[in-house]
1. Which whole number in µm²/s is D for region 218-371 by Stokes-Einstein, with the Kirkwood Rh taken over Cα pairs at 25 °C and 0.890 mPa s?
2. Test of understanding: extend the Cα→C-beta vector of residue 238 to 7 Å, then name every residue of region 53-76 with backbone N under 16 Å from that spot.
3. Based on the alpha carbons, how large is the Rg to Rh ratio for region 113-153 when Rh follows Kirkwood?
4. Of the candidates 259, 377, 280, which one comes out as most mobile in a Gaussian network treatment of the chain with C-alpha springs shorter than 10 Å?
5. In whole Å, what are the Cα extents of region 35-278 along the three principal axes, biggest one first?
6. By how many nm would the segment from residue 21 to residue 335 lengthen if fully extended, with 0.36 nm per residue of separation less the alpha-carbon distance?
7. With point charges of +1 on the Cβ of Lys and Arg and -1 on the Cβ of Asp and Glu, referenced to the Cα centre of the chain, which listed residue (208, 329, 318) lies farthest in the positive direction of the dipole?
8. Going by Cα centres, region 199-232 and region 70-132 are how many Å apart?
Amino acid sequence: MRDFNQAAIIDALKFVLSAGHKPVALHEPHFSGNEWAYVKECLDTGWVSSVGQFVDRFEQQLADYTGVKRVVAVVNGTAALHVCLKLAGVEEGDEVLVPTLTFVATANAVSYCGAVPHFVDSEQATLGLDPYKLDQYLGEIAEIRGNDCLNKKTGRRIKVALPMHTFGHPVDIDPLVEVCRRYKLELVEDAAESLGSYYKGKHTGNWGRISALSFNGNKVITTGGGGAILTNDEELGRQAKHLSNTAKVPHKWSFIHDQIGFNYRMPNINAALGCAQLEQLPNFLKSKRALAQNYRSAFAGIDEINFFTEPEFSKSNYWLNSVLLNKRFANQRDSLLDATNSLGIMTRPVWTLMHKLEIYKSCPRMDSLSVSEDIEQRLINIPSSPYLSGHL
Ligand SMILES: *Cc1c(COP(=O)(O)O)cnc(C)c1O
């Protein structure tokens, strides 16, 4: 058996990243459009806060782009997920099925509802929730009573399945929709990472009853901080706007709030940035695909690693590029992370799995989370800013 050839991997990285300025970040925002003009307009007119034309425009343009009926812009992706789960009917004491391989915000949003995340495994081909393994698992632990899916072990209701499109790669949604239908679960998509990603020709976020996007500084486009709620259900869209807007009943002068709402509205100044970024999204996506292609070619002859490519039924935004170490070299992950970061090439492991975090380790979970654990041991994210392809 050959030794691990770390130098070959680093040479390939350096070759692809020759346009990068050191240190090469994992994902940097890029502002080369109307950002200054639109933000200046907010300052010149005084419309910087929670009302303004850029909020409406950003919501409409996002709806047009993703093909959903209604979009509500909010302060960040986590807030968007919180509202999505509330509107999907998650109540205190419910369980929500969450991939253990995700960013902590997915599980936190569940906790904010007083509900309990229930961790499930991912599949190798998508890095996202495995619908077949879930189906089998629910067959063992779930019982349908009336319109509810009960967890026979905990006695709690399982209300929602919350898949996440990891690094922009869509999960296999069709079979998941089918599982949710049979087990009477609502589907909510954490599409925080997948703006610009399509499953069988349709934009992610269209399958769940309601879905969440993020525009944090490291995402495909940014509003500084920001998020959005997507839905094809007009009534849910109306409720999302209401709930993220302190649940204030519209009136000329009186302050009536008919629920305990949230102050989650996106400020106009952030939406201005968002409008300018959205205009550049098609270019960002083109550049990101070119970068992914460059990586794929550069790593083609190196057996130590596999460059992760989009699942066959999808078109990914390639938000974060990733490589998987060959199984027999899994023990080299940390040394490769050390070497690349020392050279000013920012690389990162995947998130610590949710069921291993102290805060979530006592939550219900599948007995076997073996695929997620395997991915955790072998996956490394590599620099993915769109400018790195040399095309911006
Ligand atoms: C970024 C992200 C979020 C949360 O978005 P914020 O805007 O940072 O609150 C949620 N889920 C996933 C998977 C993310 O990557």
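The values are calculated or read from the model by the stated rules, or taken from the named source; none is laboratory data. This is a predicted model, so every value here is computed, not measured. Methodologically, a virtual Cβ is constructed for each residue, glycine included, from the backbone with ideal geometry; neighbour enumeration extends over all protein chains shown. Surface accessibility is based on the protein's heavy atoms, side chains included, excluding ligands, DNA and RNA. Shrake-Rupley method; radii C 1.70, N 1.55, O 1.52, S 1.80 Å.
1. Values: Rh = 20.4 Å.
So the translational diffusion coefficient is about 120 µm²/s.
2. Output list for this probe position: 69-72.
3. The Rg/Rh ratio comes out at 1.04.
4. Checking each option, the largest mean-square fluctuation is seen for 259.
5. Largest to smallest, the principal-axis extents are 61, 42, 27 Å.
6. In short, 110.7 nm is gained.
7. 208
8. 13
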